[in-house]
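Okay, structure first, notes after.
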Amino acid sequence: VAVGERDDDPLRFAELVTRDQHLIPRLGVLALTLTDALRAEVGAGDNVTGALVAARAGETAGEYGIAPGDLVVSVNRTAVRGLDDFRQIIARLPANAPCALQ
């Protein structure tokens, strides 16, 4: 039996991130800006923008139901254009405020 990487394995993005550059602390995830290459790999449309969850960085993400491979396109109806947007939108939320990720 040949061992290979599954095309749909959500953990395949983990090697693309580092804790220093890609961490969103309040959610406990490591995320990437959705690039053309990532967009093609996850099957997102050409004009879709957002952030791709590459890995969990703690138990917080699991509590919120966020998993590697999730694509976040908005937070509380505010469009996420990439990692920096995602990080800034989450940072502006008041402590313990609910938020809806799409």
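The values are calculated or read from the model by the stated rules, or taken from the named source; none is laboratory data. This structure is a prediction, so every number in the text was calculated from the model and none was measured. Cβ sites come from the backbone with ideal geometry, for glycine too, and all protein chains shown count toward neighbours. In case anyone asks, the SASA skips ligands and DNA or RNA and just uses the protein heavy atoms, side chains included. Shrake-Rupley method; radii C 1.70, N 1.55, O 1.52, S 1.80 Å.
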**Study point:** Residue-normalised accessible area of the chain, expressed per residue, 1.4 Å probe, Å²
**Key:** 63 Å²
Check your understanding: Rounded to a whole number, what % of the accessible area of the chain do carbon and sulfur atoms account for, probe 1.4 Å?
Key -> 49 percent
Practice item. Would you please classify the overall shape of the stretch 28-102 from the alpha carbon gyration tensor, given that a ≥ b ≥ c denote the square roots of the eigenvalues, rounded means a/c under 1.5, and beyond that prolate means a/b larger than b/c while oblate covers the rest? Key: oblate
Point to revise | Whole-Hz ³J(HN,Hα) from phi, Karplus 6.51 cos²θ - 1.76 cosθ + 1.60, for the stretch 52-68, glycine and proline x | key: 9, 6, 8, 6, 8, 10, x, 6, 4, 4, x, 5, 8, x, 8, 10, x
Check your understanding: About its Cα centre, how strong a charge dipole does the stretch 11-102 have in debye, to the nearest 20, once Lys and Arg get +1 and Asp and Glu get -1 at the Cβ?
Key -> 240 debye
Review point. Could you give the longest part of the chain that holds none of the trypsin sites (Lys or Arg not before Pro) found in DSSP loops with at most 11 neighbouring Cβ atoms within 10 Å?
Key: 7-76
Revision key, fill the gap. Under the Karplus relation with 6.51, -1.76 and 1.60 and θ = phi - 60°, whole-Hz ³J(HN,Hα) for the stretch 22-39, x at Gly and Pro, equal 10, 6, 10, x, 5, 9, x, 10, 10, 10, 10, 5, 6, 9, 4, 5, 5, 4
**Study point:** Sparsely packed GluC sites (Glu not before Pro) within the stretch 1-84, loop by DSSP, other Cβ within 10 Å at most 11
**Key:** Glu5, Glu59
